[in-house]
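Read-outs: derived from the displayed coordinates by stated rules, not from any lab. Keep in mind the model is a prediction, meaning the values are calculated, not measured. Here Cβ is always computed from backbone atoms with ideal geometry, including for glycine, and neighbour counts include all displayed protein chains.
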Amino acid sequence: MLELYDLAGRDEAVRFSPFCWRTKLALDYKGLPFRTVPWRFTEKEVIAFSGHGSVPVLRDGDNVVADSWLIAEYIDNAYPGAPALFADRQSKVLARFVNEWTNAVLNPAIRAIILPDIVSLLHEKDVEYFVESRERRFGNKIEEYMTRRSDYLTNLAVCLAPLRTLLAKQCYLGGDCPSYADHIVASAFIWAKICCPERFWDEGDVIGRWFARFSREAARALSDVQFRW
Ligand SMILES: N[C@@H](CCC(=O)N[C@@H](CS)C(=O)NCC(=O)O)C(=O)O
């Protein structure tokens, strides 16, 4: 069976990585059975066989693939009989843009809001590494995120405006049915809903309605998840 190294919190059942969620949603969409191996940030030696220091890492027999985008490409090529993540070349190219936009714009906007919440979910052995590495990488002390929270919420609203306009006109990012582009963006919100107690949208919001629609399609993958809102 496929094996996925998946970031876990102090509570092993809390699996919050937005990148691992992309892979879990994609595997589930394709109907590929897999088991997850809980992994913590400081367990680098456990995934050293992959040549990478981050998750997701997928092991499929002798094949090992790290990085959520490469995993999506790999499973689509290796399992052509299962539903495709990318219907054709054009939709793959557009999904690649969504991947890069989410990495560069949406995830950082969400991260600024939820970073203090993430710290409180971490396994004790990860806290020092996580705080130091994130303060170094992003240049702010964790406490500073709390004081700038309202600016970060305003920034998120600006980032989400094009998504809101699009989803007012079509059911999913790629059109009438969910595809990998939806997995990518939904994973960012799954991350937020697992980590942060405060809602990102009000009742009836276009993005909330899309997320609810998507969650019904991905019900099996999301069945055990404890969302905070
Ligand atoms: N580009 C990678 C990013 C993966 C990534 O950053 N994963 C985080 C967990 S959300 C990680 O494992 N970080 C390891 C670290 O910070 O040491 C992907 O798409 O898979």
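Give me 3, 143 ranked fewest to most by other Cβ atoms within 10 Å of their Cβ, as a rough exposure proxy. Walk me through the intermediate numbers first.
Numbers: 3 15, 143 8.
Ordered from fewest to most neighbouring Cβ atoms within 10 Å, 3, 143 come out as 143, 3.
With K and R counted +1 and D and E -1, the other residues having a Cβ less than 10 Å from that of residue 5 yield a net charge of -2. When DSSP assigns beta bridges and you keep just the ones with both residues in the chain, what percent turn out antiparallel, to the nearest 5? Here the antiparallel bridges make up roughly 55 percent for the chain. Select from the stretch 200-229 those trypsin sites (Lys or Arg not before Pro) which occupy a DSSP coil region and have at most 13 other Cβ atoms within 10 Å, ordered by residue number. Here the sparse-neighbourhood loop sites are 228. In percent, rounded to a whole number, the relative contact order of the chain is 24, using alpha-carbon pairs under 8 Å and six or more apart.
Assign one of three labels to the stretch 89-222, namely rounded, prolate or oblate, based on the Cα gyration tensor with a ≥ b ≥ c the square roots of its eigenvalues; rounded applies when a/c is under 1.5, prolate when it is not and a/b is larger than b/c, and oblate otherwise.
Details: a/c = 1.82, a/b = 1.74, b/c = 1.04.
Verdict is prolate for the stretch 89-222.
When each full DSSP H helix of the chain is screened for a Cα extent of at least 27 Å along its own axis and an average Kyte-Doolittle hydropathy of at least -1.0, the helices passing are 149-169.
Its Cα centre serving as origin, the chain has a Cβ charge dipole (Lys and Arg +1, Asp and Glu -1) of approximately 440 debye.
Where does the chain land at 222 nm, in deg cm²/dmol rounded to the nearest 500, when only DSSP H runs of n ≥ 4 count, each adding -39500 (n - 2.57), divided by all residues? Walk me through the numbers before you get to the answer.
Numbers: 10 runs with 125 residues, N = 229.
The per-residue figure over the chain is -17000 deg cm²/dmol.
How high is the relative contact order of the stretch 89-222, in percent, with contacts defined as C-alpha pairs under 8 Å that are six or more residues apart?
Values: 85 pairs, mean separation 43.0, N = 134.
Once divided by the residue count of the stretch 89-222, the mean separation gives 32 percent.
Going from the fewest other Cβ atoms within 10 Å to the most, the residues 210, 201 appear in the order 201, 210. From the alpha carbon centroid of the stretch 31-59 to that of the stretch 201-229 is 26 Å. The trypsin sites (Lys or Arg not before Pro) of the stretch 94-158 meeting both criteria, a DSSP state outside H, G, I, E and B (loop) and at most 16 other C-beta atoms within 10 angstrom of the site's C-beta, are 141, 148. A simple charge model with +1 on the Cβ of Lys and Arg, -1 on the Cβ of Asp and Glu and nothing else charged puts the dipole of the stretch 89-222 at about 540 debye relative to its Cα centre. Mean sequence separation of contacting Cα pairs (under 8 Å, at least six apart), scaled by the length of the stretch 2-78, corresponds to a relative contact order of 36 percent.
Where a ≥ b ≥ c are the square roots of the eigenvalues of the C-alpha gyration tensor, would you call the stretch 1-96 rounded, which needs a/c under 1.5, or, failing that, prolate if a/b is larger than b/c, or oblate? Intermediate values should be presented prior to the final figure.
On the way: a/c = 1.83, a/b = 1.73, b/c = 1.06.
It comes out prolate by the Cα gyration axes.
Cβ crowding within 10 Å, taken as a proxy for footprinting-reagent exposure, orders 190, 47 from fewest neighbours to most as 47, 190. Projected label points at residue 88 and residue 149, each 7 Å from Cα along the beta carbon direction, are separated by 4.7 nanometres.
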